[in-house]
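Worksheet for the structure shown next.
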Amino acid sequence: MPKHDNGGRKSILINFQNFLAFGLVENLRVEMLRPCPYVRCFHRCLATSISSSSQVQAPLNFLSGKRCDPSENIGNFDLKYPATDETLRQVPSSGERDVNEAVSQAREGFRSWSKLSGFERGNVLKRAANIMRERLEELAQTEVLDTGKPIWEARCDVQGCADTVDYYGGLAARISGEFLPLSNGCFSYTVREPLGVVGGIGAWNYPLQMASWKSSPALACGNTFVFKPSPLTPLTAVMLGEVYKEAGLPDGCYNIIQGETKTGQLLTTHPNIAKMSFTGSVPTGSKIMEACAKDIKHVTLELGGKSPCIIFEDCNLENAVTGAMLANFLTQGQVCSNGTRVFVHKSIMGPFLAQLVERTKRMKIGDPYLEDTTVGATISKQQFDIVMRYIELAKKEGATVVCGGERVTVDPHLRGYFVSPCILVNCEDHMTVVREEVFGSVMSILTFDSEEEVIRRANDSELGLAGGIFTSNLQRAYRVASALEAGSLYINNYNVYPVGVPFGGYKKSGLGRENGPDTLDYYTQVKSVYVEMGDVEAPF
Ligand SMILES: NC(=O)C1=CN([C@@H]2O[C@H](COP(=O)(O)OP(=O)(O)OC[C@H]3O[C@@H](n4cnc5c(N)ncnc54)[C@H](O)[C@@H]3O)[C@@H](O)[C@H]2O)C=CC1
Ligand SMILES: C[N+](C)(C)CCCC(=O)O
């Protein structure tokens, strides 16, 4: 196994640049690690050793600061390594008794955790962030086993998660209220109080990110947390529980229950859950919001997207091509914010497409544990079938595949579902592939003539998660950014998530924001206290 110099950052950046240039950037380390049979064998051994490791075989619920199995098993689901499609183990689903127990532990934890000062809570989170950095490699390797994404991407994810936990650790001490002077010496003050027990439900594309983006602001604000990971990716959220425990988080403040839809429903409808924070598909988000409406629970929803990435004729072409690739091909295209509708100005379509296709074909599809792999495995056969159906439908509706869109066998031992990144041209706004979220590496290229036209077409969607604008004209960039109906926009880049920048959607893409300071508002409630300093006056 090539050693990742665990200071992390530099190595991650090198890998990130490597991804950006898809092989163009000279990367000595990667050169040295060109796949050879020995390295392949080594990486298979690595996957095998992780799969037999305690991370995989140990109990995957987390209650009272410890791993445990559910006390009653309402069914099992398979945990598979996406790259081999091999079943690593069966995981028992939690039912009512265990969901009740998790919520009750969290209620118990809330009594003391919510009474600590923000500074004290923040210290625990900051310690947790440091432990995450120390365990970056182990967390990243386990994330690969769960998701099938390339190892360098998993490292970037873990680094980002540690930053988020650190960031909310820092903000915790700043959670405060306001003082409002009123007439005759009276005054009012406000306090931001925690909500209580927060429930989280995650999807499978960024498992550790979802656990940490939801738990760290919740905990910073004094809430306690019960999380249900996606059944496809149960591993790293539990490791986060162990990190929190080691950092000094009291038992019961962070809990994990594993399961599928039924477990998610039990959590969502539990009467002692004050808020649900969900990441996943729009239909499921809508069901969760509906269930929460019954008890007037708070919700944060991070849902799907069908975002535009607009390439104007005055852009830096190379950056725009890189941006379009970043907007479509990270994590096998399974990213909610992806800019899958790539609008290219007619006048530069030729050179843009030539460069894009040439660089896309050079992407390295392969063993996720190899350092130079840029395309890993699709999460599941089910998701692979969905992606292939969209490509077939696109062809039937008149689009043309210029590259990719096929299942690739990278190694006879890797029997998972690897798909070559797909670029579609001759696309039109009405086509299914242009209207619906595919959640796979399928980029639809559309052309446009004018700024006004592209804004109208970009906004013609029920979704409004993200969007990108590539231009060297600053006024145009700001003008278009202000006209786009989306929550997370990028000018001259795409799919970057620096900690502190709020992330979330407009329209059906969701409610609330994660990763920024505003997130604290979504995990607290405001209490205002009026203080009378004189006599009480009344007409009776
Ligand atoms: N935009 C996004 O962020 C994501 C979109 N998707 C899309 O959704 C499709 C389905 O993938 P899934 O993983 O099944 O996504 P999903 O949105 O149905 O499930 C996400 C999570 O919600 C849980 N869940 C499902 N139904 C629930 C319910 N009624 N109440 C409470 N919890 C519930 C699941 O167990 C999982 O943990 C994918 O093919 C993909 O197109 C999937 C993941 C993320
Ligand atoms: C922040 N981001 C875009 C990397 C992940 C958000 C959740 C998702 O894609 O489902």
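For the reader, a short list of remarks on this structure follows.
- Rounded if a/c under 1.5, otherwise prolate or oblate - region 35-303, Cα gyration tensor axes: prolate
- Length gained on full extension, S528 to S472: 15.4 nm, using 0.36 nm per residue less the C-alpha separation.
- Label-reachable residues, region 185-227, where backbone N falls under 19 Å from a point 7 Å from I386's Cα toward its Cβ: 201-211
- Shape of region 308-508, Cα gyration tensor, a/c cut at 1.5: prolate
- Annotation: extensible slack from E537 through S117 equals 147.5 nm (criterion: 0.36 nm per residue apart, minus Cα-Cα distance).
- Scoring 90-98, 435-443, 68-76 by mean Cβ neighbours within 10 Å over their residues and listing the highest first yields 435-443, 90-98, 68-76.
- Span-rule helices in the chain, defined as complete DSSP H runs reaching 15 Å or more along the axis (Cα) with Kyte mean at least -1.0: 9-21, 37-51, 118-134, 136-147, 151-172, 207-220, 235-247, 282-294, 317-329, 349-361, 381-396
- Based on Cα contacts under 8 Å between residues 6+ apart, region 35-303 shows a relative contact order of 24 percent.
- Which of L171, L208 is most accessible, then next, and so on - probe 1.4 Å: L171, L208
- Sum of side-chain charges, N73 neighbourhood, beta-carbon under 13 Å (Lys, Arg +1; Asp, Glu -1): -3
- Its alpha carbons considered, region 331-436 gives a radius of gyration followed by a Dmax of 14.4, 45 Å.
- Between the alpha-carbon centres of region 48-99 and region 335-369 there is a gap of 37 Å.
- Protection proxy ranking, peptides 225-232, 117-124, average beta carbon neighbours within 10 Å, highest first: 225-232, 117-124
- Peptides 485-497, 147-159 ordered by packing proxy, namely the average of other Cβ atoms within 10 Å per residue, highest first: 147-159, 485-497.
- Per residue accessible area of the chain, 1.4 Å probe, in Å²: 40
- Per-residue [θ]222 nm for the chain (sum of -39500 (n - 2.57) over DSSP H runs n ≥ 4, rounded to 500): -12500 deg cm²/dmol
- Simple spin-label estimate for A483 and N184 in nanometres, 7 Å along Cα-Cβ: 5.6
- For region 160-239, the relative contact order is 33 percent, taking Cα pairs closer than 8 Å that sit 6 or more residues apart in sequence and dividing their mean separation by the residue count.
- Pairwise FRET efficiency - S176 versus S347, Cβ, R0 = 51 Å, nearest 0.05: 0.45
- Set of region 91-121 residues, backbone N closer than 16 Å to the point 7 Å along the Cα-Cβ line of Q57: 91
- Using bins of 10 Å that start at zero, the share of Cα-Cα pairs per bin across the chain amounts to 4, 18, 28, 26, 16, 6, 2, 1, 0, 0, in whole %.
- By DSSP, the beta bridges lying fully in region 308-508 are antiparallel in about 30 percent of cases.
- A simple count of charges around K346, restricted to other residues whose Cβ falls under 10 Å of its Cβ and scoring Lys, Arg +1 and Asp, Glu -1, yields -2.
- Rel. contact order, % - alpha carbon contacts under 8 angstrom, at least six apart, the chain: 17
- Percent of beta bridges antiparallel (DSSP, region 35-303, rounded to nearest 5): 45
The values are calculated or read from the model by the stated rules, or taken from the named source; none is laboratory data. Note that this is a predicted model, so its numbers are computed, not measured. Counting neighbours? That spans all protein chains shown, and the Cβs are built from the backbone with ideal geometry, glycine included. For the accessible areas, the whole protein counts, side chains as well, though only heavy atoms, and no ligand, DNA or RNA atoms are used. Shrake-Rupley method; radii C 1.70, N 1.55, O 1.52, S 1.80 Å.
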